[in-house]
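The values are calculated or read from the model by the stated rules, or taken from the named source; none is laboratory data. Keep in mind it's a predicted model, so treat the numbers as computed, not measured. FYI the Cβ positions are ideal-geometry reconstructions off the backbone, even for glycines, and counts take in every protein chain you see. What goes into the accessible areas is simple: the full protein's heavy atoms, side chains included, and nothing from ligands, DNA or RNA. Shrake-Rupley method; radii C 1.70, N 1.55, O 1.52, S 1.80 Å.
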Amino acid sequence: MVPSDLPADLLEHARAAKGFMPEDEGALLHRWARQRLPHGPALEVGTYCGKSAIWIGGAAREVGGTVFTVDHHRGSEENQAGWEHHDDTLVDPALGVMDTLPTFRRTIADAGLEEQVVAVVGRSETVSRWWRTPLSLLFVDGGHGVEPARADFRGWPHWVMSGGVLVVHDVFPDPADGGRPPYEDIYLPALASGAFTEVDVVGSMRVLRRTSGDAGDPLG
């Protein structure tokens, strides 16, 4: 168990926020964000209702820095009606579709992190196509289907700066533990590229440091 050094006020908000981030994994994310944010911005792919953004945003509040969060806020596959992680309270009654943006904005406002956390509302693949800013920390926790995971790998990890870190959530080497795409289509290709070296592990979270190349250089 990684002890949390997130300030008490933010820890309370992180625990209360809707989401799927275990506390020990959140603490790991916070620790790495605090180390990396003085060197450049962080970006999170897959925001949902803002739970993990509090862990990263808390680091930004402590050491300075900005966290961009990229999400279309219509919910990933597993959040849709009839699936295991569906939440009826997050459905827009007028449109009949998921809309996590209002809950996310309220979560970040209540935590007092609106100055640190910037929401980019759009599909990951669309936003990444136009992204050009080197990233000190990239946290990938987007759609867990094969195609969304592959799109996230194509679009984002090459923007991690030299010495920066790629953090991947829900990495399950054993198929009995969970879905495979974050493992097979993000984690393994990142290591196979030769650009990243694993430096930390807690639960399903993997931290890979960029040890070859620089932001914008192609992988592999």
Based only on the alpha carbon positions, what is the Kirkwood hydrodynamic radius of region 142-185, in angstrom? 11.2
For the chain, the charge dipole (Cβ of Lys, Arg +1; Cβ of Asp, Glu -1; about the Cα centre) points to a positive end, and the Cα of H144, G194, L10 closest to that extreme belongs to G194
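Between E115 and T197, what length in nm is gained on full extension when 0.36 nm per residue of separation is reduced by their alpha carbon distance? Please list the in-between numbers first.
Working: separation 82, 0.36 × 82 = 29.52 nm, distance 3.21 nm.
Working it through step by step, the gained length comes to 26.3 nm.
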Options A176, G57, G26, ranked by Cα towards positive dipole end of the chain, top entry (Cβ charges): G57
Say each of K18 and T66 gets a label point 7 Å from the Cα, pointing the same way as Cα to Cβ; how far apart are those two points in nm? 2.8
Taking H as built 1.01 Å from N, whose amide H comes closer than 5 Å to the amide H of D92, not counting residues under 5 places away? V97, M98, D99
Along the three principal axes, how long is region 82-220 when you take its alpha carbons, biggest first, rounded to the nearest angstrom? 48, 39, 27
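With a 1.4 Å probe and all protein chains left in place, how much of the accessible area of the chain comes from carbon and sulfur atoms, in whole percent?
The nonpolar share, carbon plus sulfur, comes to 51 percent.
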Given H placed 1.01 Å from N in the peptide plane, which residues other than close sequence neighbours of F196 have an amide H under 5 Å from its amide H? T211
Rolling a 1.4 Å sphere over the protein heavy atoms, what is the accessible area per residue of region 131-210, to the nearest Å²? 35
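Quick check for me: using +1 on Lys/Arg Cβ and -1 on Asp/Glu Cβ, what's the dipole size of the chain about its Cα centre, in debye to the nearest 20?
On the way: 19 positive and 32 negative charges, 148 e Å.
My answer is approximately 720 debye.
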Low-density loop cleavage sites - trypsin sites (Lys or Arg not before Pro) in region 111-148, where at most 11 other Cβ are within 10 Å (DSSP): R132
